[in-house]
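Please treat every number below as a calculation from the coordinates, not as lab data. Note that the coordinates shown come from a computational prediction; the quantities given were computed from them, not determined experimentally. Neighbour counts run over all protein chains shown; Cβ positions are idealised from the backbone, glycine included.
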Amino acid sequence: MNLIVAVDNHWAIGNKGNLLVRIPNDHKFFREETTGKTVVLGRKTLETFPQGMPLKNRTNIILSSDPDYRVKDAIIVHSIEELLRELEKYESGDVYIIGGESVYRQMLPYCDVAHVTKIDHRYEADSYFPNLDRMDEWEITADSEEQTYFDIAYQFVKYERTGRRVPDPR
């Protein structure tokens, strides 16, 4: 399973329900990676999308604790256990965890690949992603040249899990 995220120098990912910055090349990379695939996200992340609608040309699986939560053109699950059962229907390499903070933290133990856009800046933030550079079980296996968007430097970095996986709780 994959995850895809953009982080700043302190592994921040958002502030007040919004992305820290919008970089067109990062959005293009996200689209290219996830189109035609399965994306997993939380309810709050979905609500930040245009009109709060699921992403087109993808299977959207939304994690929400609200048992009455419904979204057109999306699959709703209410626990990590239910999510893991649902994900058995899909090819693991075609599944992307796309946020937010809570979903990333809960699903990180099940992921083998992390596509991280590292933005060389520190933003005001209230949500963070775990720092993979401080985790022995993750290593950088690919990275791009540094790129810039106006005065913002960023780089695409691929991490892969090298250590043992967390046992499946089922």
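Using only alpha carbon pairs under 8 Å that are at least six residues apart, calculate the relative contact order of the stretch 1-92 and give it in whole percent.
Normalised by residue count, the contact order of the stretch 1-92 is 20 percent.
Lysines within cross-link reach of LYS72: Cα-Cα under 23 Å, excluding same-chain residues under 8 positions apart?
Qualifying lysines at Cα under 23 Å: LYS37, LYS44, LYS56, LYS89.
Identify the chymotrypsin sites (Phe, Trp or Tyr not before Pro) of the stretch 101-170 meeting these criteria: DSSP loop state and at most 13 other C-beta atoms within 10 Å of the C-beta.
When the chymotrypsin sites (Phe, Trp or Tyr not before Pro) of the stretch 101-170 are filtered for loop state and at most 13 Cβ neighbours within 10 Å, PHE150 remain.
Would you work out which of VAL40, PHE29, PHE150 lies farthest towards the positive end of the dipole of the chain? Charges go on Cβ: Lys and Arg +1, Asp and Glu -1.
Result: VAL40, furthest along the dipole toward the positive end.
Before anything else, pin down the relative contact order of the stretch 1-155: Cα pairs under 8 Å, at least 6 apart, normalised by residue count, whole percent.
This gives 36 percent for the stretch 1-155.
Counting other Cβ atoms within 10 Å of each Cβ, which trypsin sites (Lys or Arg not before Pro) in the stretch 66-105 have at most 12 and sit in a DSSP loop?
Sites meeting the loop and neighbour criteria: ARG70, LYS72, LYS89.
So what is the 222 nm mean residue ellipticity for the chain from helices alone, if each DSSP H run of at least 4 adds -39500 (n - 2.57) and you divide by all residues, rounding to the nearest 500 deg cm²/dmol?
-4500 deg cm²/dmol
Using the crude model of +1 on Lys and Arg Cβ and -1 on Asp and Glu Cβ, and no other charge, please compute the dipole size for the stretch 1-140 relative to its Cα centre, in debye to 20.
Roughly 580 debye, rounded to the nearest 20.
Using the 2.2 N^0.38 Å rule of thumb for compact globular proteins, work out how the stretch 44-129 stacks up: its C-alpha Rg over that value, please.
Against the empirical 2.2 N^0.38 Å value, I get 1.16 for the stretch 44-129.
Would you mind computing, in nm to one decimal, how far apart the modelled labels at GLU33 and ARG105 are, each placed 7 Å from Cα along Cα→Cβ?
So the label points at GLU33 and ARG105 sit 2.1 nm apart.
Rounded, prolate or oblate, given the Cα gyration tensor of the stretch 88-170, with a/c below 1.5 counting as rounded?
Prolate, because a/c is 1.5 or more and a/b exceeds b/c.
Along the charge dipole of the chain, which of GLY163, SER64, TYR104 sits closest to the positive end, that is, farthest toward it, with unit charges on the beta carbon of Lys, Arg, Asp and Glu (+1, +1, -1, -1)?
SER64
Taking the DSSP beta bridges in the stretch 10-120 as the whole, what percent of them are antiparallel, to the nearest 5?
15 percent
With the crude spin-label approximation of a point 7 Å out along Cα→Cβ, what separation in nm comes out for LYS72 versus ASP120?
It works out to 4.5 nm between the two label points.
Label-point separation (nm) for ARG22 and LEU84, each offset 7 Å from Cα along Cα-to-Cβ?
3.7 nm
Could you give the spread of the C-alpha atoms of the chain along their three principal axes, from largest to smallest, in whole angstroms?
For the chain, the Cα extents along the three principal axes come out at 44, 40, 29 Å.
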